[in-house]
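Worksheet: one structure, shown below.
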Protein chains: 6
Amino acid sequence: MNANGNLFRGIVVADIDRANPASIDGLGEAGTATVSEAMSRTGVMDPAIRSVVPGVRVAGSAVTALCQPGDNLMVHIALEHCAPGDVLVVAVTSPCTDGYFGDLLAESCRALGVRGLVIDAGVRDVAALRAMGFGAWSRHVSPQGTVKATAGSVNVAVVVGGQLVNPGDVIVADDDGVVVVARTRAELALSGSQQRLAKEAVLRSRLASGELSTDVLGLRGQITDLGIRTVGHLGQ
Amino acid sequence: MNANGNLFRGIVVADIDRANPASIDGLGEAGTATVSEAMSRTGVMDPAIRSVVPGVRVAGSAVTALCQPGDNLMVHIALEHCAPGDVLVVAVTSPCTDGYFGDLLAESCRALGVRGLVIDAGVRDVAALRAMGFGAWSRHVSPQGTVKATAGSVNVAVVVGGQLVNPGDVIVADDDGVVVVARTRAELALSGSQQRLAKEAVLRSRLASGELSTDVLGLRGQITDLGIRTVGHLGQ
Amino acid sequence: MNANGNLFRGIVVADIDRANPASIDGLGEAGTATVSEAMSRTGVMDPAIRSVVPGVRVAGSAVTALCQPGDNLMVHIALEHCAPGDVLVVAVTSPCTDGYFGDLLAESCRALGVRGLVIDAGVRDVAALRAMGFGAWSRHVSPQGTVKATAGSVNVAVVVGGQLVNPGDVIVADDDGVVVVARTRAELALSGSQQRLAKEAVLRSRLASGELSTDVLGLRGQITDLGIRTVGHLGQ
Amino acid sequence: MNANGNLFRGIVVADIDRANPASIDGLGEAGTATVSEAMSRTGVMDPAIRSVVPGVRVAGSAVTALCQPGDNLMVHIALEHCAPGDVLVVAVTSPCTDGYFGDLLAESCRALGVRGLVIDAGVRDVAALRAMGFGAWSRHVSPQGTVKATAGSVNVAVVVGGQLVNPGDVIVADDDGVVVVARTRAELALSGSQQRLAKEAVLRSRLASGELSTDVLGLRGQITDLGIRTVGHLGQ
Amino acid sequence: MNANGNLFRGIVVADIDRANPASIDGLGEAGTATVSEAMSRTGVMDPAIRSVVPGVRVAGSAVTALCQPGDNLMVHIALEHCAPGDVLVVAVTSPCTDGYFGDLLAESCRALGVRGLVIDAGVRDVAALRAMGFGAWSRHVSPQGTVKATAGSVNVAVVVGGQLVNPGDVIVADDDGVVVVARTRAELALSGSQQRLAKEAVLRSRLASGELSTDVLGLRGQITDLGIRTVGHLGQ
Amino acid sequence: MNANGNLFRGIVVADIDRANPASIDGLGEAGTATVSEAMSRTGVMDPAIRSVVPGVRVAGSAVTALCQPGDNLMVHIALEHCAPGDVLVVAVTSPCTDGYFGDLLAESCRALGVRGLVIDAGVRDVAALRAMGFGAWSRHVSPQGTVKATAGSVNVAVVVGGQLVNPGDVIVADDDGVVVVARTRAELALSGSQQRLAKEAVLRSRLASGELSTDVLGLRGQITDLGIRTVGHLGQ
């Protein structure tokens, strides 16, 4: 049992800090596109991580699991540390398409109040997940199961879909994809999102009435500034 | 302001020629598979460009935009030059997954009579697009937004999904994908499509009654010609 | 007509052995995730081969076709050798995205009692396939058609989605993907699947009542055995 | 023999216009990165089209071939229409990984003075191509051969690696990838390239002496303009 | 220990049949492109399985290993069953990028007379493999190591790069990729390859002297038969 | 200038902590495979990030840049904050294939003592980089250039190839790929690596003399423990 092993082996962190529930719910209502815009276009996971249950939108506090390829032991351990309102966020140490999560774990999540799953690997039993309306975002769908044999970690910082997720960060996920909001910036991201939503409501009604976005957003000057020529018709 | 800059800089072409509306609508009714067959299997975009709003089929005249990665300025400019019945076709100068188009632009399209969007990049707000039934075909879905800062072009020839699209070409798009029909060949493609549809109606009823396609299409001779042996059972 | 040509040319095998119908139907009821678990996580095709008609689950005996890129001649020939309850399984000799199968062939399948299609290439007319509820699993969707000009084989061993499929093997396919069961192991796979389903029913009700999977599955000892440390809170 | 067939069938164009040889050679000396910069970052093919013979750089006039998947007939026909100094540019009507071109065709190219090959599919015999030093750029390498059975075209406009190539356009290819220069802009692209090369020579010697690019290019003001804060050290 | 477990668990087969050494060596001299042509374009693995040690060509008898993701135990076991002249062929039960094989195993292969490695996963220590000139073909290169904990099989039929490999089949691998020849067809494939090589020698000298392949291969008639029009110049 | 903008806008951190030079160099000598093993198989970047200059191995302290797609401004700014022995590590806010770095920046790196570049996007001028022997690891190679117009950050935490990189972390990169070592664990990772290298030296000489790894590593017992059957020959 040398020091080296201790340092790089698995660890389970039982208690984490979470953002305040009202901010989390507010971010969920704003949705991924608005929230990421409010954060200057940051926090967006790799678009290859897709919703497997269309029409569902969730927001919650990240409880993270770091798993080995083909092994979902730490997903089970992570569930022990979930509170109602959480979202399970699962990373793997090397790329894997296997189905780490299926209808039984979704059943457990529902019982525990866990709002959804984001995983940088595969899920299965998607027909059941859809019937349950359980929100799941994954890189793959595969019937291939996993073992429960290898050490990993719970509630450590992980990278999922190219984004750093610290335990307690806010996860916002919908049909567009997944966005991560640092826990300490949740309120700021919310207020930015709300300002943006208000602005968009005005824009939407002007556009719906047939105004052009070049007018509404005042873009026409840029054409000139950028030196773009406008011609009537190309002789061809 | 040297000649070089002038030549390779952006340009906006205000007026384009379109195919006749009846041909466009006829091609839309025929659908992508039939239309591309009628053109000897040409015009099909890369199948990675997928419908994000299942069940929608559109046909329209291409108004093209050429954008920089992460910048949707020219999409806004292109909308100024759209007429009812057009389809917005967006290319990017290097591959990009960002969401160039969302619910606000879809609202504007609806107000302007634009029938759909084909983009060799990403879209967002797909839940809203689905609720609106607005036809959108894209390579990616991503909440990641774009800026409006760099020059591009409108109504120039672009390559989208590996196919050349000239402004005014007819775009046909459905759950199978996207097909481009050169403007000057729209009528020819339509008549070929209609001949094919008539033939298929006969085929369909014969197949539905249990006849084999090898009989209906007269394929059995080819087995002999190609020297394919037929055996009863493989001893294994 | 030398011996070499004979050996590597196409061959059509008319008669194949099938598993017993009750086993096939039982495997279909169990679904891909359960069946592959019962076979020690084997038989799962590449998850890139996806259902194009969500919500459909089929099981049947494989009738195989081996085609050239861009040529679906052998799909037609294979249909001659299909019996009610079969699933058409199509491999290509080099990767191809073309749409080998569409609504006309689906019509024929329906008339012949063929339950579904699994293809390591593309399909088309997916709107029609969805309207018919015809189960199709493919690597691609594309309007691009094929010709009928080159020799291939029917009812030979093929590789589809990285799995060997012998004619008469059982194909199980659903929203999770596709699993192959060797014909001679169908009953064994079924009995293993049924044992697993019984176990899962108990698990499901315990998890639904709020018990943790770490308790239900007895996983907590493994944390200690694997030397994973548990801590209360990370000072950060 | 209906009109439709005539229009979408194959065509071989025997005579094409070419850019002047000195411009072509000058563009080759400048290389892909410089030439595309001189054209405002346009003309770059999909970076998945890679050099299979490292260390070779070529420039030449495009003779184009449009082939069916798994069929290289039109490559042979295209060679009939090549002149010394040309580059063979091959597109396929749907994606294909097969090896369309190998050592025999390279031998023929060498005899005919053809400078290289750019293909949106596969090549083979790469050990021989490397031994010959014959420049080849392709999306794939594969031993899989092709047949010679289906119609295509020679010297029509094609799309390769997402770029439109008209016959006679200038192809510049090196270890970075492939760039297309429209025939009528070859001289303009060359003069822009040469201006850029002159500027870069100065830059290079200043950077080599240890000056910072932020000084040499005057970028430091932008930091301020963009509102980027600079801090000494992050307390962590 | 139920029957089910027995059937789907791992198995190690100690003794396998091999093709005769002279045929194997002859196939190696012919190379992958020629051998696959002699087998009517069959046996070619997915071109994503690439040579990581350029310039090496090997042929040998397949000793197969079937591994779990992230676990190379069965590679070690397989080496026990290798004879001089063999090629190690490794499949994984679900996709994995990890480095299953590195310089230590290559050292062991060299000592045992194993000629090369083909793996549908990753290798590492490629600088050492290149220095040793040890032939390795893999889908990935990655420093990520594996454990030695899970059951698999040795000398069972496996699928690698989309091709079925039975133990004792002949593997031919070079810079173009990897081809599998069924053991019982090795001599036939060799004689077909040798006929082809003889024909190609003649072709090569004719092409090198400047003759066109359309003449040498008699392709010009096909242009007419296929209804391809030839025109002098396109008015543009 | 609201608080929101301030928080999510770019920031440049001038001073960072680095690991001690002897540890860094020691890790470089050990190489990526050994170092990641010493860290229990952690820290390995996505294997799609490949060496573009074969044969080069580097280790250094990470100076990080976070860029927008198609914009390399922050690479220039990052160079101002590099010290001899550093490695430039570049992330982009959304996926991009463009060539952010070429021979001019490599020239500057050489003058400043920067040892290499790791970038989750593209590089260009690779022929020049190879001639200089400048170590560069990237996801893409592309001649496509970038602009210098948008805000980003320097020396913030970034995610590159799916791994978190904090400024000052140790980057080890060679022909196998790239590994990140947290700055505070550099010495521990080094001592683990050195123990491993010593063990491997013994292993290597035993394997080179023909001993089997199953004996040297004592793996044979596992076959029994895992219930794997061994049989002589499969009757087929």
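The values are calculated or read from the model by the stated rules, or taken from the named source; none is laboratory data. Just so we're clear, the structure is a prediction, and the values are computed from it rather than from any experiment. Counting neighbours? That spans all protein chains shown, and the Cβs are built from the backbone with ideal geometry, glycine included. Note: areas computed on protein heavy atoms with side chains; ligands, DNA, RNA excluded. Shrake-Rupley method; radii C 1.70, N 1.55, O 1.52, S 1.80 Å.
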Quiz item: Is there a simple number for the mean count of other chain Cβ atoms within 10 Å of the Cβ of residues in A:173-181, and what is it?
Solution: 5
Quiz item: Which stretch or stretches of the stretch A:149-176 have amide N atoms under 19 Å from the point lying 7 Å from C:H233's Cα along the Cα→Cβ direction?
Solution: A:154-157, A:166-170
Quiz item: How much of F:D176 can a 1.4 Å solvent probe reach, expressed as accessible area in Å² and rounded to 10?
Solution: 10 Å²
Quiz item: With a 1.4 Å probe, how much accessible area is buried between chains D and E, both sides summed, in Å² to the nearest hundred?
Solution: 3400 Å²
Quiz item: If only Cα atoms are counted, what is the Rg of the protein assembly as shown, and what is its Dmax, in Å?
Solution: 30.4, 83
Quiz prompt | Accessible area expressed per residue, the stretch B:1-97, with surrounding protein chains retained (probe 1.4 Å, Å²) | solution = 29 Å²
Practice problem: Sequence neighbours fewer than 8 away in the same chain don't count; with that in mind, list the lysines whose C-alpha is under 16 Å from D:K199. | Solution: none
Exercise. State the percentage of accessible surface on the stretch A:1-147 attributable to carbon and sulfur atoms; use a 1.4 Å probe and exclude ligands, DNA and RNA.
Key: 51 percent
Quiz prompt | Spin-label proximity, A:A208 to the stretch B:72-109 - amide N less than 15 Å from point 7 Å beyond Cα toward beta carbon | solution = B:103-109
Quiz item: Roughly what % antiparallel, to the nearest 5, for the DSSP beta bridges in chain A?
Solution: 45 percent
Self-check item: Computed over chain A, Kirkwood Rh from alpha-carbon pairs, angstrom
Solution: 19.3 Å
Exercise. Can you send over the solvent-accessible area of A:L188, 1.4 Å probe, protein chains only, in Å² to the nearest 10?
Key: 40 Å²
Exercise. Give the nm distances, rounded to one decimal, from B:D17 to the matching residue in every other copy, measuring between label points 7 Å along Cα toward the beta carbon; shortest first.
Key: 2.0, 6.8, 6.8, 7.0, 7.1
Quiz prompt | All Cα pairs of the stretch E:154-236, percent lying beyond 17 Å | solution = 70 percent
Quiz prompt | Positions from the stretch E:51-99 whose accessible area shrinks by 20 Å² or more when the full protein complex is built, not the chain alone, probe 1.4 Å | solution = E:Q68, E:P69, E:L73, E:H76, E:I77, E:E80, E:T93, E:S94, E:P95, E:T97, E:D98
Practice problem: Keeping all protein chains in place, calculate the accessible area per residue for the stretch E:98-236 (probe 1.4 angstrom), answer in Å². | Solution: 36 Å²
Self-check item: Which of D:T184, F:T97, F:T42 is most accessible, then next, and so on - probe 1.4 Å
Solution: D:T184, F:T42, F:T97
Quiz item: Taking every DSSP beta bridge that has both residues in the protein assembly as shown, what percent is antiparallel when rounded to the nearest 5?
Solution: 40 percent
Quiz item: For the stretch D:104-201, max minus min Cα coordinate along each principal axis, in Å, sorted largest first?
Solution: 47, 32, 25
Practice problem: State, to one decimal in nm and shortest first, how far the label point of D:A48 sits from each corresponding label point in the other identical copies (label point: 7 angstrom along Cα-to-Cβ). | Solution: 0.4, 0.9, 1.1, 1.1, 1.2
Practice problem: Return the long-range amide H neighbours of D:D46 (sequence gap of 5 or more, or a different chain), with a cut-off of under 5 Å between placed amide H atoms. | Solution: D:G162, D:Q163
Quiz item: Taking a label point 7 Å from Cα toward Cβ, how far is F:S205 from its twins in the other copies, in nm, shortest first?
Solution: 5.6, 5.6, 6.6, 8.5, 8.7
Quiz item: Quick one: helix A:103-112 against the long Cα principal axis of chain A, what's the angle to the nearest 10°, folded into 0 to 90?
Solution: 80 degrees
Quiz prompt | Shielded by partner chains, the stretch D:199-230 residues - at least 40 Å² of accessible area, 1.4 Å probe, vs chain alone | solution = D:R204, D:L207, D:L212, D:S213, D:T214, D:L219, D:Q222, D:I223, D:L226, D:I228, D:R229
Quiz item: Tell me, what % of the accessible area of the stretch C:161-236 is carbon and sulfur with a 1.4 angstrom probe?
Solution: 50 percent
Quiz prompt | Heavy-atom accessible area ranking, 1.4 Å probe, most first, across D:E211, D:E37 | solution = D:E211, D:E37
Quiz prompt | Residue-wise HN-Hα coupling along the stretch F:176-184, computed from phi with Karplus coefficients 6.51, -1.76, 1.60 (Hz; x: Gly, Pro) | solution = 7, x, 10, 10, 10, 10, 4, 3, 6
Quiz item: Does anyone have the angle between helix D:21-30 and the longest principal axis of chain D? Alpha-carbon axes, 0 to 90°, nearest 10?
Solution: 50 degrees
Exercise. For the stretch E:148-166 and the stretch D:111-155, compute the distance between their C-alpha centroids and round to whole Å.
Key: 33 Å
Quiz prompt | Shielded residues, the stretch C:22-40 - accessible-area loss of 40 Å² or more between chain alone and all protein chains, probe 1.4 Å | solution = C:A33, C:E37, C:S40
Self-check item: For the axis carrying chain C to chain A: nearest C-beta residue of C, whole Å
Solution: C:P54, 5
